Amino acid sequence: MYYNKVDLQEIFGFGRDKMKKFLDKGILPTVQVNKDYMITKEALDDWFKKNSGKAIKI
């Protein structure tokens, strides 16, 4: 399963602009395809596990 930018906005509760900034900074291990970003469910789960308890600043 893959998530795109719209899916990630829903997961994180971010608006379009905040999500774009988050993704453009390379905070998540995404793959950019044209103007969209994709991430596997497994990669997102791993990211959450590795960053649990950390403060992420945008």
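Across the chain, the relative contact order, built from alpha-carbon pairs under 8 Å that are at least six residues apart, equals 39 percent.
Loop exposure criterion: trypsin sites (Lys or Arg not before Pro), DSSP state outside H, G, I, E and B, at most 11 other Cβ atoms within 10 Å. Applied to the chain, the longest stretch between such sites is 1-24.
Computed over the Cα atoms of the chain, the ratio of the radius of gyration to the Kirkwood radius (Rg/Rh) comes to 0.92.
Hydrophobic long helices, here whole DSSP H runs in the chain with Kyte-Doolittle means of at least 0.5 and Cα atoms spread over 20 Å or more along the helix axis, are not found.
Bear in mind that the values in this text are calculations on the coordinates, not laboratory data. Remember, it's a predicted structure, so these values are computed and weren't measured experimentally. All Cβ positions, even for glycine, are placed from backbone atoms using ideal geometry, and neighbour counts span all protein chains on display.
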